[in-house]
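Below: one structure, written as structure tokens.
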Amino acid sequence: MATQCPDKVTLVIGGSRGIGRQVAIDFAKAGYAVVVSGRSANDASTVAPFPPNPNSQQSTITTVTREIQELGGIAAAIPVDTRDEKSVTKLIQDTVATFGRIDVLIYNSGAIWWSSVAGTPYKRYKLLQAVNADGLYASIQASLPVFEKQGSKGRIIVVSPPIYSRFFRGKTAYSMAKVSMSVLVKGLAMDWEREGKKDMAITSIWPASSIDSAATTNFKETNPDGARQLRKPTIYSDAMLAIVRAPAEKVNGLLTLDEDFLREFEGVTDFSKYALVPGSTPPRTMPLEFPNLRVKEHDDEGNRIDSNLIRRSKL
């Protein structure tokens, strides 16, 4: 039984701090009931000063939920370990039990390790796959029946990059995990197109310039001009809100950047308000153009095989 039945619900996986926290807060401000999910939780009532530094360990799913509630929004904190399929499935079930539905699923959870193949132990490689690609797959698998019950209506937004060669350099294991997520975006989008699900869309988004977050804290603190090279995480939440406003057919399977999407779909030309240091111009860290992954034979499915049909025929 749902405790509340709001009109629209967003589940933010990886909403404890940084970008995820900002996304959760801004979706709540836009009228969504928000489930803030992640591994870290504490007694938010005892945190002082409040709110905590959004990039610190003091910022957890419970403090973010408290922030939203104190702003007048609707939110619930539900823990998850994205490395554990059962934990992910329970998160989806608990979200529906709490708010009755899921309209937007945002997967922001991620593990980072940048080094060469030789410098990346197998144990670290497995962690990168588990938190990034595997956790996303489990989250989507668990949420698909929910979207189906809602009349095949819903949006999924994934924090993963466009696919291009330079991204792999110096961080192969990390790239394998993150690009796998982008491949999942493309593949699921094609599934929905083939099935005629016109109200479903999955989109990938990545920052065009570096964003102030837990991941960039060390860079900001050790580089004299570090803060001037960063943008506020609000550019990410603004872009995500724009994605869910866009027609599903325009964004299904799209691998985009925050700045590029806001420019193309929202007509934004002045990004100065997103600079972490007023008056600074954070450099773009991503390419201006990306390779076109679509081949001329894209629509030719050839001898399409469904392993489920083959398995059933042998039973």
Over the chain, the sum of -39500 (n - 2.57) across DSSP H runs of at least four, divided by residue number and rounded to 500 deg cm²/dmol, gives at 222 nm -12000 deg cm²/dmol
Residue by residue through region 44-54, the couplings from Karplus 6.51 cos²θ - 1.76 cosθ + 1.60 with θ = phi - 60°, in Hz, x for Gly and Pro, are 4, 5, 9, 6, 8, x, 10, x, x, 3, x
So Arg263 and Ala48, fully extended at 0.36 nm per residue minus their Cα-Cα distance, gain in nm 73.5 nm
Among Gln58, Gly279, Tyr32, the residue whose Cα sits farthest towards the positive end of the charge dipole of the chain, when +1 is placed on the Cβ of each Lys and Arg and -1 on the Cβ of each Asp and Glu, is Gln58
Length gained if Thr285 through Glu221 is fully extended, taking 0.36 nm per residue and subtracting the Cα-Cα distance, is 21.1 nm
Expressed as a whole-number percentage, the relative contact order of region 9-314 with C-alpha contacts under 8 angstrom and at least six residues apart is 17
Largest fluctuation, Ala48, Ala24, Ala201 only, Gaussian network model of the chain with Cα springs under 10 angstrom, belongs to Ala48
Chymotrypsin sites (Phe, Trp or Tyr not before Pro) in region 96-156 lying in a DSSP loop, each with at most 15 other Cβ atoms within 10 Å of its Cβ, come to Trp113, Trp114
Scalar couplings 3J(HN,Hα) for region 264-278 by Karplus 6.51 cos²θ - 1.76 cosθ + 1.60 (θ = phi - 60°), nearest whole Hz, x for Gly and Pro, are 6, 9, 10, x, 6, 10, 10, 9, 5, 5, 8, 5, 5, 9, x
The lysines whose Cα lies under 21 Å from the Cα of Lys126, excluding any fewer than 8 residues away in the same chain, are Lys86, Lys171, Lys178
In units of 2.2 N^0.38 Å, the Cα radius of gyration of the chain is 1.00
In debye to the nearest 20, the charge dipole size for the chain, taken about the Cα centre with +1 at each Lys and Arg Cβ and -1 at each Asp and Glu Cβ, equals 700
Out of Gly226, Gly72, Gly20, a Gaussian network model of the chain with alpha-carbon springs under 10 Å gives the largest mean-square fluctuation to Gly72
FRET efficiency for Asp306 and Asp199 from the Cβ-Cβ distance with R0 = 30 Å, rounded to 0.05, comes out at 0.80
Sorted by chain and then number, the residues having a modelled amide H within less than 5 Å of the amide H of Ala77, at least 5 places away or on another chain, are Val36
Output for region 238-315: GluC sites (Glu not before Pro) sitting in coil per DSSP, at most 16 other Cβ within 10 Å, listed by number, reads Glu289, Glu297, Glu301
For Lys232, the lysines lying under 18 Å Cα to Cα, once residues fewer than eight places off in the same chain are dropped, come out as Lys29, Lys220, Lys273
Computed ³J(HN,Hα) along region 86-98: with the Karplus parameters 6.51/-1.76/1.60, θ = phi - 60°, integer Hz and x for glycine or proline, the list is 5, 5, 5, 4, 5, 4, 4, 5, 5, 4, 5, 5, 7
Among Ile140, Gln93, Ser209, the residue whose Cα sits farthest towards the positive end of the charge dipole of region 76-209 (+1 at Cβ of Lys and Arg, -1 at Cβ of Asp and Glu, taken about the Cα centre) is Ser209
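All of the numbers you see were taken from the coordinates with simple rules; none came from a lab. Just so you know, these numbers come straight off a predicted model, no measurement behind them. Please note: Cβ atoms are built from the backbone with ideal geometry, for glycine as well, and neighbour counts cover all protein chains shown.
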